[in-house]
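Asker: Take a look at this one; I'll ask things after.
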Amino acid sequence: MAFEGLAERLQNTIKKMTGKGKVSEQDVKEMAREVRLALLEADVNFKVVKDFIKKIKERAVGQEVMNSLTPGQQIIKIVKEELTDLMGGEQSKIAVSERPPTVIMMVGLQGAGKTTTTGKLANLLRKKHNRKPLLVAADVYRPAAINQLETIGKQLNLPVFSKGTDANPVDIANDAIAHAKEEHYDYVLIDTAGRLHTDENLMTELREIKENVDPAEILLVVDSMTGQDAVNVAESFDEQLAVSGVILTKLDNDNRGGAALSIRAVTQKPIKYAGMGEKLDELEVFHPERMASRILGMGDVLSLIEKAQENVDEKKAKELEEKMRSATFTFDDFLDQMEQVKSMGPLEDLLGMIPGANKMKGLKNAQIDEKQLVYVEAIIHSMTKKEREDPSIMNASRKKRIAKGAGRPVSEVNRLLKQFEEMKKMMKQMSGMQKGKKGKKKKG
Ligand code: GDP
């Protein structure tokens, strides 16, 4: 999960405050010291930490806390509000030009994830906002970069405008926009050249493109795992180009969170999106408040609901509910359900969005073994269609064959069958209870 290390430390620190009926200045001082250390260790910019702690201290010893009946809770609320503020406060939306196409320049250093993110953003614009995006390959120095964007375009079934490596990037951008107007694309995403370091030639080229295409957004892609380096890179790109926003990549692998917590405060530029994995649908809109909530272990129910709405087929969910009620749920339905949950992302991330899940006994340090799910799937796939509909027809020798087919011990097959039967029994009981309730209501 993103920010795991920082989250754990902050949560341990504020936990001490939770139940306090009275908070002394000494308590606040101690908490502030621990929060400060946690932030510094997470590689948050020194000055940002200093300002942050000052604000927390001022508010925590102020009236709103000291006069409160639940001062501990008040302090946690303050930390959450200040963290939210640090990451920009409100969500920052992507620009839309009055006259399409909206032109977006994607800039960043090589390896930051610029090309992947260009594809991800186009995908998100199409999926979430119903837009028609055009990808533009303008990194003419590396044929591999053009190929990469074309491959991503194919994977997403999105068009890529390219003129190979011989054309000039400014011409490519202009031609792409003309093409977009003709073909009624409403977003043009230009994947510009990346270098290992910022250098004058690159900046001159990017400025030239900017002056020619007048983009609605210049989005800087930075690798969150590089911590303070990411912040320095952002400062120098911003000085040269005046970027309009930042996309943080690889947040899924960022245990510390230093870049995410410093970049807005240092550059004053909003974080618009966050990359949460290598897959092309793993780009999230950045919500500062939800992120603060996740960091403090308060969960993020809104994102969880959104994920479910995006990934779960409503019609299927209704059918499933009906099957559960009538206890006609089969192993095929079970597989279907597993697929839907899996499409929402790694289970560990989903748990991080449930308030308090990190504190639940047994879950806290549970390494969620996604392999187990693969085994369960393999076992179900080894059954015949008839067996999946009615597992009771399986005899001992069939169970052995199925275990062999799935490459798992027969005890695992037996366990799964038992669990499935228990689940069905429970469903029957539950639907019985519901019927009872409904019946009563009618009478009354
Ligand atoms: P570019 O040189 O800036 O265009 O970078 P690429 O788009 O080629 O990405 C570099 C590497 O980072 C690739 O292996 C990507 O799969 C990976 N990557 C990009 N974004 C993310 C992300 O959000 N999470 C993870 N885990 N990997 C990412």
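The values are calculated or read from the model by the stated rules, or taken from the named source; none is laboratory data. The structure displayed is predicted, hence computed values, not measured ones. Note that we place each Cβ from the backbone using ideal geometry, even for glycine, and neighbour counts take in every protein chain shown.
Asker: Which of the residues spanning the stretch 113-156 are away from the ligand (no atom under 16 Å from the Cβ), under 24 Å from LYS210 (Cβ atoms) and part of a loop (DSSP other than H, G, I, E, B)?
Answerer: Matches in the stretch 113-156: ARG131, LYS132.
Asker: Determine, yes or no, whether LEU202 is within 14 Å of the ligand (Cβ to nearest atom), within 25 Å of GLY345 (Cα to Cα) and at pLDDT below 95.
Answerer: When the stated conditions are applied, LEU202 does not pass them.
Asker: Let me ask something else. Among the numbered criteria (1) closer than 30 Å to ALA178 by Cα; (2) assigned to a helix (DSSP H, G or I), which single criterion is violated by LYS93?
Answerer: Going through the list (1) closer than 30 Å to ALA178 by Cα; (2) assigned to a helix (DSSP H, G or I), LYS93 breaks only (2).
Asker: Within the stretch 303-313, can one find any residue that is of a type outside the set (Lys, Arg), crowded, with 17+ Cβ neighbours inside 10 Å and within 22 Å of GLY5 (Cβ to Cβ)?
Answerer: yes
Asker: Taking helices (runs of 4 or more DSSP H) that fall entirely within the stretch 336-444, which contain at least 3 residues that are out of contact with any Pro (no Cβ under 8 Å at 6 or more places or on another chain) and at pLDDT below 70? Break it down stepwise before answering.
Answerer: Values: elements: 347-352, 370-382, 385-389, 396-406, 410-443.
Because the criterion is at least 3 residues that are out of contact with any Pro (no Cβ under 8 Å at 6 or more places or on another chain) and at pLDDT below 70, the helices (runs of 4 or more DSSP H) in the stretch 336-444 that meet it are 410-443.
Asker: Restricting the search to the stretch 246-297, which residues are free of Cβ contacts under 8 Å to residues at least 24 places away in the same chain and within 16 Å of the ligand (Cβ to nearest atom)?
Answerer: Of all residues in the stretch 246-297, those free of Cβ contacts under 8 Å to residues at least 24 places away in the same chain come to 268, 279, 284, 290.
Correct list: LYS279, GLU284.
Asker: Consider ASP229 against the criteria (1) crowded, with 21+ Cβ neighbours inside 10 Å; (2) more than 12 Å from the ligand (Cβ to nearest atom); (3) modelled with pLDDT under 95: it satisfies all of them except one. Which criterion is unmet?
Answerer: The number of the failed condition is (1).
Asker: When you scan the stretch 12-29, how many residues do you find that are modelled with pLDDT of 85 or more and either crowded, with 17+ Cβ neighbours inside 10 Å or touching a Pro at 6+ places or on another chain (Cβ under 7 Å) (or both)?
Answerer: Matching residues across the stretch 12-29 total 3.
Asker: Among the residues that make up the stretch 170-183, is at least one of them within 16 Å of the ligand (Cβ to nearest atom), in the same structural domain as THR115 (by TED's automatic domain parsing), within 22 Å of LEU121 (Cα to Cα) and touching a residue at least 12 places away in the same chain (Cβ under 8 Å)? Reasoning before the result, please.
Answerer: Of the residues in the stretch 170-183, the ones within 16 Å of the ligand (Cβ to nearest atom) are none.
Within the stretch 170-183 (the criterion being within 16 Å of the ligand (Cβ to nearest atom), in the same structural domain as THR115 (by TED's automatic domain parsing), within 22 Å of LEU121 (Cα to Cα) and touching a residue at least 12 places away in the same chain (Cβ under 8 Å)), the answer is no, since none of the residues qualifies.
Asker: Return yes when LYS120 is more than 22 Å from the chain's Cα centre (by Cα), in the same structural domain as ALA274 (by TED's automatic domain parsing) and under 23 Å from MET276 (Cα atoms) and no when it is not.
Answerer: No.
Asker: Filter the stretch 97-112 down to residues that are in a loop (DSSP other than H, G, I, E, B) and either near the ligand (Cβ under 8 Å from one of its atoms) or β-branched (Val, Ile, Thr) (or both) and give me whichever is surrounded by the fewest Cβ atoms within 10 Å (Cβ to Cβ).
Answerer: Going through the stretch 97-112, the residues in a loop (DSSP other than H, G, I, E, B) turn out to be 97-101, 109-112.
From what's left, either near the ligand (Cβ under 8 Å from one of its atoms) or β-branched (Val, Ile, Thr) (or both): 109-112.
On the way: LEU109: 22, GLN110: 16, GLY111: 11, ALA112: 25.
Among them, the one singled out is GLY111.
Asker: When you go through (1) crowded, with 18+ Cβ neighbours inside 10 Å; (2) more than 16 Å from the ligand (Cβ to nearest atom) one by one for ALA242, which number turns out not to apply?
Answerer: (1)
Asker: For the stretch 177-212, what are the residues that are closer than 17 Å to LYS114 by Cβ and hydrophobic (A, V, I, L, M, F, W, C)?
Answerer: Of everything in the stretch 177-212, those that are closer than 17 Å to LYS114 by Cβ and hydrophobic (A, V, I, L, M, F, W, C) turn out to be VAL188, LEU189, ILE190, ALA193, LEU196, LEU202, MET203, LEU206, ILE209.
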